[in-house]
1. Within segment B:29-43, work out how many residues are within 11 Å of residue B:13 (Cα to Cα) and part of a helix (DSSP H, G or I).
2. So, in segment A:704-732, of the ones that are hydroxyl-bearing (Ser, Thr, Tyr) and modelled with pLDDT under 85, which residue ends up nearest to the chain's Cα centre (by Cα)?
3. Which pairs turn up if I take residues in segment B:256-275 that are farther than 24 Å from residue A:294 by Cα and at the interface with chain A (Cβ under 7 Å from one of its Cβ atoms) and look for partners that are surrounded by fewer than 24 Cβ atoms within 10 Å (Cβ to Cβ) and of a type outside the set (Lys, Arg) with beta carbon separation below 9 Å, at least 6 apart in sequence or on another chain?
4. With respect to the numbered conditions (1) at positive phi; (2) touching a Phe, Trp or Tyr at 6+ places or on another chain (Cβ under 7 Å), which one is the sole condition not fulfilled by residue A:649?
5. Search segment A:118-134 for residues being out of contact with any strand residue (DSSP E or B) (no Cβ under 6 Å at 6 or more places or on another chain) and hydrophobic (A, V, I, L, M, F, W, C), and hand back the single one that is nearest to residue A:50 (Cα to Cα).
6. Which count do you get for residues in segment A:264-283 that are crowded, with 19+ Cβ neighbours inside 10 Å and at the interface with chain B (Cβ under 9 Å from one of its Cβ atoms)?
7. Is it the case, given these coordinates, that residue A:229 is more than 17 Å from residue A:141 (Cβ to Cβ), more than 9 Å from chain B (Cβ to nearest Cβ), among the acidic types (Asp, Glu) and crowded, with 17+ Cβ neighbours inside 10 Å?
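The values are calculated or read from the model by the stated rules, or taken from the named source; none is laboratory data. Source: prediction; values computed, not measured. Glycine also receives a Cβ, built like all others from the backbone with ideal geometry; neighbour counts cover every protein chain displayed.
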Amino acid sequence: MAECVGVDSNTSGHSMDKSITLPPDEIFRNLENAKRFAIDIGGSLTKLAYYSTVQHKVAKVRSFDTTAKLYEISVQEEVTARLHFIKFENAYIETCLDFIKDHLVNTETKVIKATGGGAHKFKELIEKKLGLNVDKEDEMTCLIKGCNFVLKNIPHEAFVYARHADSEFRFQTANPDIFPYLLVNIGSGVSIVKVESEDQFERIGGSSIGGGTFWGLGALLTKTKRFDELLQLASKGQHTNVDMLVKDIYGGSYGCLGLTGDLIASSFGKSATADKEFSKEDMAKSLLHMISNDIGQLACLYAKLHNLSRVYFGGFFIRGHPVTMHTITYSINFFTKGEVQALFLRHEGYLGAIGAFLKGAEEDNPNQYSWGENYAGSSGLMSVSPDMNPMQRARSGTFDMLEMDRLERQLVNLPLLQDPSSYIPDTVDLTEDALARDYWLYCFEDALDGVVKRAVASQPDIPEAVVRAEKFRQKYRHKLLTLRHQPFAYGSLTVRSLLDTREHCLNEFNFPDPYSKIKQRENDMALKHYQRTVESLDALSWEDRQFALVSGVLAGNVFDWGAKAVSDIFFLNLGVDIILGVMPFVRELLSRGTEVVLASNSGPALNDVTNGELQILTERIAAMDPVAGLQEDRLTLVQSGSSSPCLDLSRLDKVLAMVVRERQTDLVIIEGMGRAIHTNYYATLSCESLKMAVIKNSWLADRLGGKLFSVVFKYEVPLGKVHHNGATLMLS
Amino acid sequence: HFVSLIKKKLTFPWFGMDIGGTLVKLVYFEPKDITAEEEQEEVDNLKSIRRYLTSNIAYGKTGHRDVHLELQDLTLCGRTGNLHFIRFPTQDLPAFLQMARNKHFSSLHTTLCATGGGAYKFESDFRTMADLQLHKLDELDCLIRGVLYIDSVMSRGLSECYYFENPTDPDHCIQKPYTLENPYPLLLVNIGSGVSILAVYSENNYKRVTGTSLGGGTFLGLCCLLTGCSTFEEALKMASDGESTRVDKLVRDIYGGDYERFGLPGWAVASSFGNMMSKEKRESVSKEDLARATLVTITNNIGSITRMCALNENIERVVFVGNFLRVNTLSMKLLAYAMDYWSKGQLKALFLQHEGYFGAVGALLELLHPS
C-alpha cells in the first residue's frame, strides 16, 4: 500500500538552470579518480555517490641507523579510499552531469547504479550525458543497505528529537548490535520494514496516508503548491480551530479512559460545516497532525506486533524537518506511553544512494572495512526549521555533501568494556552544555593562529604551504562558526569532535603531521636522558620509585625539564612523556614479570606518539636497556586504530582487541588528558582500570573543582574482580 | 435519588440518549399495552410527547426517526411496546432543549439517562434550559450493553448482525445474516466522529484498545472543505458518483503493475491523494472524485488500524458500528474487502443493523436495569 519516493512534476519552481557554475574544489571532488557511480533520484532531490581514491601526504618515520638522528621523517604520498555523496535539487541534474562528464578521467566505469522513483525519468539523460549504462536497483533494498551502513559506521548517526529541550537533537550511542530494527519510510506513502540482519528484511506493512497525502491534500485545501511552504503554513497554524477535541465533545477530559481534553477526537471534525471559513495555516496544521499521528500509531502497532523497540523514521516527509520530526515524536510517545522513542538519522537523505553504491561495489567488499565520516568534507546536519539562521538559508537550494574515508584498519569494541551498548566515550556533551560549548569553541578559535603557524613551520621548504595553511584556517574557522549555530551538525559536539575536525581539515590541506619535526627533536633529546633517568629511578626505594614513576607518566616534568607554558590546548605528550614517563613505567611492570600491551595512535594527531614512532623508540631503548621484557615478547606494541588525541573505546583496532583477548588482559591504564579526561573519564571496564592525567587547562580544572596542573589518578575495580596475572593494556 | 426512583414503579416516558460529537441519538420506548386506567392517569404532557414522537418521522429541520429500525412488540420490564430510533445533529441540541421546556418535560419527574461526551458537556444546559437532571453514563459501557441487547432481541426474527459474502468479488458480494452466538472475544469498532476500538471478552470485561481521530467527522469535515457540501448524505452521494483512482496514486501508477517483491497488487493505493501533488491533476479532478477519495482514505485507514489491533489482540471477529456506516454500503463493502484481503481470509468483518444507536439503547437499559 505504499512506496518510497514520490515522483512529482511540479516539485519546485526551479527551471533547469544551466548557468550555475559549480565550485569545483568544493563539490564533486576527486572526480579524476572517481569510479563506481550511483544515483538516487527522488521527487525533488538527487543524490549522487561515487568512490574515489585520494592521494594525500603522510609523514612516515623510518629507522635510520647511520646518522646522529633518531629516525628519518619522510613525507610520502599515500592513497586512501573515499566515498563521496552529494545531494542537490533535481533542477541541477543536467548541469551536474555535464560537470561530471567534463572532469571524469577514468574510463573503466561503464555502469551507474540508479534507484529512486525518479530514476526512470532521467535514465535517458544520464545515459546520454555520461555514456554509462543505467542499472536500476530496487529502492527498498538500497534504502536498507544504506541504513545498515550508516548505523554501523557513523557514531551518533541516530538521534531523538526533542523540540523544546536544551538540545533539540539527542544523539544515540552507537550500539554494536544494530539489528533488529524497524524502518518507517515516509515517502508519498508509508512503508514499514523490519530489518533483521544485513541481508534479511521484510516489508511488514505500510499505509497510503503519507507525505503524498500531506502534500496533495494540503495543496487542495490551501492552494499552496510546495511541500516546504505547506510545512511552513502548518508551523504557524492552530489545529484546534479545525479539529474536534475531546473537550469539544465532553466539555473537559474523558476521565475514566485517561483521554485528556486536548486530545484530537476527530480530525477536521469542526470543518463539517459549509458556513465557516478556515485559515490555510490552521488546516495545514490539522492535516500535519492527522497524518503524523496516523503514521505514528501504525508504526507502534507494527512495532508491538513484531516486538521491536528501535524504530527509525525516514523519507522526504521527515528529512530534517523539525516540524514533522516533532509531530512524529509526539505521536510515538503518545501511543507507546513513552516506551518507544522515535529515532531519526543524520544522513537519512543519503540512504538510497549509499545502498545503490554498495550494490555496485559488492566486489570490493565495502562491508569488511570500517569507514569514518570526514568532517572536513561533509556538510553536516542542517536544521531546516522555519526560523532558520542566515547560514542555513544560504545553504538551502545548493549542495550538501557527505564524505566517508575508508579506514585502514577494521575497528571494533574494546572487549573489556563493561557494557558496550551504554558506553559513551565523551565526558562532556557540548551539544547539551551551552557554557562548556561556548568555552571550547572560543578556545579552539583562539588556538587557530598557533595551529596555522605550526602547520606553516612544519613545511619550511614549501613556499605555498602558507597559502594552504590559510585555506585550512578558513575551513576550520567556518566549521567552528557552523558548530556555533548548529552544534548538532556532526552528532554530539565534544572536545574530541572539535579536535578530530581540526585533524581532518589539516589533512585536507596536506598538513599530515605538523608536529613530526618537533616530536623528532624532542624524542631525540629525551632518549639521551633515558639511561640517566632509569638509573636514578633504580636507585630509589621501591615506594619512592613507584611515586616517581607515576609522576613521570603524569607530568614528565619531574626531571627538571621545567614547567611548560600552555601554548596549545594540548600539552605535549611526547618525548618527555613517552620516553621518560611511559617507558620507565612500562619497564617497571615488565621487570615485575607483567606482560604489557602498549597501544598508541595509528596516525598522527597533534604531538601524540604514533605507533610507527614508538616502534623505533622501543627498539632504541631496548638496545641500551638490559631490562628483561623489553626485548622479549612480554611487551607488545599495537596500534589503537585512532588518529586523535582522544580515544573512543568502541572503535579500536581489531588486532588490539584480539591481543587484549589473547593476553587475558586484566588491567587497563589510560593516560593523558585527551584519553582519560575528555574521553573515558566515566568509562566502566570489566577489569581493573587506572586513568591518569594532569589537568592542563585552567577552565577545566575549575570546572572539576581543582587547580591547574591538578592530578587525576582514578583507580577502579569492578565488583568482585581482583587482579590476577594477566597482561596490562596501556593506552597512551 | 436515582436509586429511589428505580425502587418505585418506573414511570414513563422511557428514554435513552447518546450525545456524540456530531449526532444526538435518542431511543424512545412507546408502551403499547397501556390500560384504560393508565390512560386516564396519564398526564397530558406525557401524552403529547408520546403523540409527537410517534406520529412524526421528522422533527424540525434536522431531526429524523429511522422508521426502518423500529422494533415492534418488544417486551421491556414487563411492558410491551415499540422502540423508536431518533437522531438529530448535536448542534441543534438547544432547539431540542427548548422543545423539552415547551412541552414541560421536567414535570414528568423522569430520569433522563444519557451517555456520550455531550452528557457531560451539556449537563448544565439540560438543567438550566429545561430543568432536567441527567443521569450520566459511560459511553463504552452503554455501547456494549446496547449491542448485546439488540442482538439478543433481534435473533428472534430478522438477524441484527450481517456480513458480506465474497467480499473480494464485487459481482458476487452479497449481504448475509450472521448469528452472533458465542461472540467473544470480539473487536468492536465504533466509528462516530472519531473511532474507538474495543476488545470485548465478555459482557462486563472489555478494554479500549486504541482509537483514531480519522473517523466520520474527518470524512465529512474534509468533504465540506474540498467540495463545499454540508451534509453527510450529500457527501456520500458525491462519493458514490466519483472515482478515487484519479485522486489517489496507486501502486501501478508507480511500478507499472504489481510491486511483486513485496506482494503489493497494482490496484492498491500507494499514496492517498498522491496524484494531487501535481497541478494538472488537481485541475482535472471532480468534486465527486475528491469525495470518493476521502471516503476510501478514511475507510481503508480504519481497516488498517483495526486489522493491526485484531492481530495484536489475537481476535478474529470484528464488529463495525457507528453512524459513519449509516447508508454507507460503500464503506462497509470496503471494510469487508480490506479485512478479508489483507488478512488472507483470517478476519471477518461484521455489521449491525442499528449501527449508531447502541449507546442510546445501553443508556435506556441502564434506566430499566441499573447495573
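1. Counting residues in segment B:29-43 that are within 11 Å of residue B:13 (Cα to Cα) and part of a helix (DSSP H, G or I) gives 0.
2. In this case the residue turns out to be A:732.
3. What qualifies is B:261/A:138; B:261/A:140; B:261/A:141.
4. Going through the list (1) at positive phi; (2) touching a Phe, Trp or Tyr at 6+ places or on another chain (Cβ under 7 Å), residue A:649 breaks only (1).
5. Restricting to residues being out of contact with any strand residue (DSSP E or B) (no Cβ under 6 Å at 6 or more places or on another chain) and hydrophobic (A, V, I, L, M, F, W, C), the top hit is A:130.
6. 11
7. Details: more than 17 Å from residue A:141 (Cβ to Cβ): yes; more than 9 Å from chain B (Cβ to nearest Cβ): yes; among the acidic types (Asp, Glu): yes; crowded, with 17+ Cβ neighbours inside 10 Å: no.
Considered against the rule, which asks whether it is more than 17 Å from residue A:141 (Cβ to Cβ), more than 9 Å from chain B (Cβ to nearest Cβ), among the acidic types (Asp, Glu) and crowded, with 17+ Cβ neighbours inside 10 Å, residue A:229 comes out as no.
Every residue, every condition in (1) away from chain A (no Cβ under 14 Å); (2) surrounded by 23 or more Cβ atoms within 10 Å (Cβ to Cβ); (3) closer than 25 Å to residue A:257 by Cβ; (4) of a type in the set (D, E, K, R), yes or no:
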site	(1), (2), (3), (4)
B:136	no, no, yes, yes
B:146	yes, yes, yes, no
B:167	yes, yes, no, no
B:192	no, yes, yes, no
